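Down below is the structure, laid out as structure tokens.
The values are calculated or read from the model by the stated rules, or taken from the named source; none is laboratory data. It should be emphasised that the depicted structure is a prediction, and the values quoted were computed from it without experimental measurement. Neighbour counts are summed over all protein chains in view; Cβ atoms, including those assigned to glycine, are modelled from backbone coordinates with ideal geometry.
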Amino acid sequence: MGLCRDHEGSILLVRTSTISAVQLFWDEIKAALMACRMAEDAQWLSVYFEGDALNACSAIIQNGKDVEGYLVADCKVCHDILSLHPNWNLTWVPRKRNCLAHKIAKWAVQTRRSGSIAAADIPPFILNCDWLYKPP
């Protein structure tokens, strides 16, 4: 699931896909790759990617080092895309700061949503979940 917001926290893009993964690590790397491609498609010059899976963020930043199998290629693609854009950064954030992404992903699975999703289609109780941690 890719969630893109502007500097004020407003949703710009939401895109989900059905990923039949056997492990969370793989899901997180695929989500990072999706986010990179979304930012490329939008031709944004400055992007801050946030992920709450430290192992996935580290694997991408380290270009697939210490990763085995098919995940190496996905890590390298993400790393290469990030390297092409000097004003793009991937950082780890605590899970509680990534509440909105997780809530949207869960809602998308429950409602069988896939592809681009308009912010207006997402229930307000999900859109407002981040304000539980910091006021607007």
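Structure notes:
- Subset of region 18-52 (residues that are small (Gly, Ala, Ser) and touching a Lys or Arg at 6+ places or on another chain (Cβ under 8 Å)): ALA21
- If you filter region 19-36 down to residues that are exposed (fewer than 12 other Cβ atoms within 10 Å of the Cβ) and not aliphatic (A, V, I, L, M), you find that the one that is nearest to SER83 (Cα to Cα) is GLN23.
- Within region 1-27, no residue that is hydroxyl-bearing (Ser, Thr, Tyr) sits with its Cβ atom under 6 Å from a residue that is at pLDDT 75 or above and assigned to a strand (DSSP E or B) at 6+ positions apart or across chains.
- Of the residues making up region 83-95, just one is surrounded by 15 or more Cβ atoms within 10 Å (Cβ to Cβ) and more than 14 Å from GLY51 (Cα to Cα), namely HIS85.
- Lone qualifier among ALA39, ALA59 - being touching a Leu at 6+ places or on another chain (Cβ under 8 Å), buried (at least 18 other Cβ atoms within 10 Å of the Cβ) and assigned to a helix (DSSP H, G or I): ALA59
- Members of region 46-84 found to be among the polar types (S, T, N, Q) and in contact with a strand residue (DSSP E or B) (Cβ under 9 Å, 6 or more places away or on another chain), listed by number: SER46, SER58
- Scanning region 72-112 for residues that are within 21 Å of ALA39 (Cβ to Cβ), over 13 Å from the mean Cα position of the chain (by Cα) and either in a helix (DSSP H, G or I) or among the basic types (Lys, Arg) (or both) gives ALA73, ASP74, CYS75, LYS76, VAL77, HIS79, ASP80, ILE81, LEU82, SER83, LEU84, ALA108.
- Restricting region 80-100 to residues that are hydrophobic (A, V, I, L, M, F, W, C) and modelled with pLDDT of 85 or more, the residue that is nearest to MET1 (Cα to Cα) is LEU100.
- Subset of region 113-136 [among the acidic types (Asp, Glu) and either in a strand (DSSP E or B) or modelled with pLDDT of 90 or more (or both)]: ASP121
- Here LYS106 meets the list (1) modelled with pLDDT of 85 or more; (2) surrounded by 13 or more Cβ atoms within 10 Å (Cβ to Cβ); (3) not hydroxyl-bearing (Ser, Thr, Tyr) almost entirely, failing just condition (2).
- For beta carbons closer than 6 Å, sequence separation of 6+ or different chains, a first residue in region 72-93 that is free of Cβ contacts under 8 Å to residues at least 40 places away in the same chain and a second that is surrounded by 18 or more Cβ atoms within 10 Å (Cβ to Cβ) and assigned to a helix (DSSP H, G or I), the qualifying pairs are HIS79/ILE60.
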